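S.K.: My questions will all concern the structure given below.
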Amino acid sequence: MDELINAFYLMWESFPGTARLIRKDRTIIASNSYAKSVGFVTDVRCVSVGSPEIHKGCRVNEMFKTGRYQVVKSVNGRLRYWLPVPGRDDVYVHVTIDPNSIDGMVLFPAPAENK
């Protein structure tokens, strides 16, 4: 499991949204700094963080059933992904990003002018 956790941090620590590695029973195994800052800390069940409303529309059961990633876009533009971990049926990665609130990030930069 340590190798998986190390790989998670390597890939997700600098992600500009919440990223969590979660057990099938919904216990958080690892979370990036952004996720920790909003309460998604290790050894806590993800569904216990925040209000129950933020967990409505959870697609993790569908992800485990199909073996394919799931995505939901909220009415305010937030994107929530549930990602299977290849070769594992006991954990998944859950990421959320709000493109409307990414500080200092240009989502669609203008093309460079020819000089």
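The values are calculated or read from the model by the stated rules, or taken from the named source; none is laboratory data. All values derive from a computational prediction rather than experimental measurement. Counting neighbours? That spans all protein chains shown, and the Cβs are built from the backbone with ideal geometry, glycine included. Quick note on the areas: whole protein, heavy atoms, side chains included, nothing else; ligands and nucleic acids left out. Shrake-Rupley method; radii C 1.70, N 1.55, O 1.52, S 1.80 Å.
S.K.: Restricting attention to the range 17-42, which residues are assigned to a loop (DSSP other than H, G, I, E, B) and hydrophobic (A, V, I, L, M, F, W, C)?
M.R.: 38, 40, 41
For (1) within 21 Å of residue 89 (Cβ to Cβ); (2) of a type in the set (D, E, K, R), each residue gets a yes or a no:
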residue: 5; (1), (2): yes, no
residue: 9; (1), (2): no, no
residue: 13; (1), (2): no, yes
residue: 17; (1), (2): no, no
residue: 21; (1), (2): yes, no
residue: 24; (1), (2): yes, yes
residue: 30; (1), (2): yes, no
residue: 35; (1), (2): no, no
residue: 44; (1), (2): no, no
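S.K.: Determine which single condition residue 14 fails, assuming it passes every other condition in (1) assigned to a helix (DSSP H, G or I); (2) of a type outside the set (Phe, Trp, Tyr); (3) open to solvent by 60 Å² or more (accessible area, probe 1.4 Å).
M.R.: With respect to (1) assigned to a helix (DSSP H, G or I); (2) of a type outside the set (Phe, Trp, Tyr); (3) open to solvent by 60 Å² or more (accessible area, probe 1.4 Å), residue 14 is out only on (1).
S.K.: Another one. I'd like to know if the range 43-61 contains one or more residues that are modelled with pLDDT of 95 or more and in a helix (DSSP H, G or I).
M.R.: Within the range 43-61 (the criterion being modelled with pLDDT of 95 or more and in a helix (DSSP H, G or I)), the answer is yes, since at least one residue qualifies.
S.K.: Taking the range 18-27 only, how many residues are touching a helix residue (DSSP H, G or I) at 6+ places or on another chain (Cβ under 6 Å) and on the phi < 0 side of the Ramachandran plot?
M.R.: Adding up the residues that qualify gives 5.
S.K.: Could you list, ordered by first residue, the pairs with Cβ atoms under 8 Å in which the first is in the range 81-97 and open to solvent by 20 Å² or more (accessible area, probe 1.4 Å) and the second is assigned to a loop (DSSP other than H, G, I, E, B) and not basic (Lys, Arg), at least 6 apart or interchain?
M.R.: Taking only residues 6 or more apart or on different chains, the pairs are 81/69; 83/69; 84/67; 84/69; 97/15; 97/16; 97/17.
S.K.: Tally time: how many residues in the range 21-64 are open to solvent by 60 Å² or more (accessible area, probe 1.4 Å) and aromatic (Phe, Trp, Tyr)?
M.R.: Count: 1.
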